[in-house]
């Protein structure tokens, strides 16, 4: 099936959203019991962590950890926002830099200024959007980022989106409560799909959509460890408590360039493989044998593939044993964990 299809449904009693591109699962979001990224708390500072410059906080959902703390005394209350999912047994990662994010606009109370997505390159369109931004933000001390999805969208629609985020930011910042409390719940999969999957697509909301559009079959493959590569090779993806190990296997390809071809195919495929499985943290690639002169090309291919990915990923580089390491934000719940 050609084209893009967004399927909104439920699985295992959880809200979920799938993005199918040309009949292949390209992205998948599923709700979990953990607080989702974007959740905003009024939290209480608990105890500092010496040597790390951080502070443990008390929230309604359990302990949280805030990095780069200055001038914060134990017992003080502050607003924080969840940035990702915690590893089992660890504190919820949070930040004091709040973002109010919607389909077209991101309001940034702590970072004044008006900014447009770099993906909007047409000067006339940029001028139009800046005019809308200046008009809507007049009299507010907040910052604003207009996302790439604003391109060619009616000004009234963008203005309404900006106004909604301003109102939400004001409501949170003007809150004068004294106890630990959840002020805003993070967006669920259906809202995230509307917010972030903005390219034109057919949207399916009828019950049973996952079965009708092949999502359930795709998820069966996702719950396994093998992912086929062009040319007969495979990736084997195995999450452990410490890291996610990815083994590149050339399979039936016995040519001299088999390792190079499999590794470059891995670079192209890896962002989708991690994305649809909801995997993050430390990623270690055990690549197929290839000449050292090809390493730079592999890194360039991987960097290019990650540009279009939604999760922040840092390329850490090569280890003495020839493995390649990445550090990926834990912005999603692991699918296998959510469906277990």
Filter segment 143-154 for residues that are in contact with a helix residue (DSSP H, G or I) (Cβ under 8 Å, 6 or more places away or on another chain) and at pLDDT 95 or above; the one that is farthest from residue 194 (Cα to Cα) is 144
Those residues of segment 168-200 which are over 15 Å from residue 79 (Cβ atoms) and surrounded by 12 or more Cβ atoms within 10 Å (Cβ to Cβ), in sequence order
187, 188, 189, 190, 191, 192, 193, 194, 195, 196, 197, 198
Quick check: is even one residue across segment 285-303 surrounded by 20 or more Cβ atoms within 10 Å (Cβ to Cβ), touching a strand residue (DSSP E or B) at 6+ places or on another chain (Cβ under 8 Å) and part of a strand (DSSP E or B)?
yes
Is it the case that some residue within segment 227-242 is at negative phi, modelled with pLDDT of 95 or more and exposed (fewer than 14 other Cβ atoms within 10 Å of the Cβ)?
yes
In segment 137-157, is there at least one residue being in a helix (DSSP H, G or I), more than 26 Å from residue 308 (Cα to Cα), without any contact (Cβ under 8 Å) to a residue 12 or more places away in the chain and out of contact with any strand residue (DSSP E or B) (no Cβ under 8 Å at 6 or more places or on another chain)?
yes
Of the numbered conditions (1) buried (at least 16 other Cβ atoms within 10 Å of the Cβ); (2) assigned to a loop (DSSP other than H, G, I, E, B); (3) under 20 Å from the mean Cα position of the chain (by Cα), residue 69 fails exactly one; give the number of that condition.
(3)
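Rundown of residues vs (1) closer than 26 Å to residue 171 by Cβ; (2) in a loop (DSSP other than H, G, I, E, B), yes/no style:
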{"site": "47", "(1), (2)": "no, no"}
{"site": "51", "(1), (2)": "no, yes"}
{"site": "73", "(1), (2)": "no, yes"}
{"site": "90", "(1), (2)": "no, yes"}
{"site": "106", "(1), (2)": "yes, no"}
{"site": "120", "(1), (2)": "no, yes"}
Report the residue count in segment 316-338 for those that are under 16 Å from residue 243 (Cβ atoms), surrounded by 13 or more Cβ atoms within 10 Å (Cβ to Cβ) and under 22 Å from the mean Cα position of the chain (by Cα).
11
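Let's see how each residue does on (1) surrounded by fewer than 17 Cβ atoms within 10 Å (Cβ to Cβ); (2) over 16 Å from residue 332 (Cβ atoms):
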residue: 9; (1), (2): no, yes
residue: 16; (1), (2): no, no
residue: 36; (1), (2): no, no
residue: 39; (1), (2): no, no
residue: 49; (1), (2): yes, yes
residue: 64; (1), (2): no, yes
residue: 74; (1), (2): yes, yes
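Each row is one residue, and each column tells you yes or no for (1) surrounded by fewer than 14 Cβ atoms within 10 Å (Cβ to Cβ); (2) over 27 Å from residue 197 (Cα atoms); (3) outside the structural domain of residue 108 (by TED's automatic domain parsing); (4) at pLDDT below 95.
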| position | (1), (2), (3), (4) |
| --- | --- |
| 138 | yes, yes, no, yes |
| 157 | yes, no, no, no |
| 162 | no, no, no, no |
| 166 | no, no, no, no |
Restricting segment 228-261 to residues that are under 21 Å from the mean Cα position of the chain (by Cα) and outside any loop (DSSP other than H, G, I, E, B), the residue that is nearest to residue 4 (Cα to Cα):
237
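The values are calculated or read from the model by the stated rules, or taken from the named source; none is laboratory data. Keep in mind it's a predicted model, so treat the numbers as computed, not measured. As a convention, Cβ positions derive from the backbone with ideal geometry for all residues, glycine included, and neighbour counts pool all protein chains shown.
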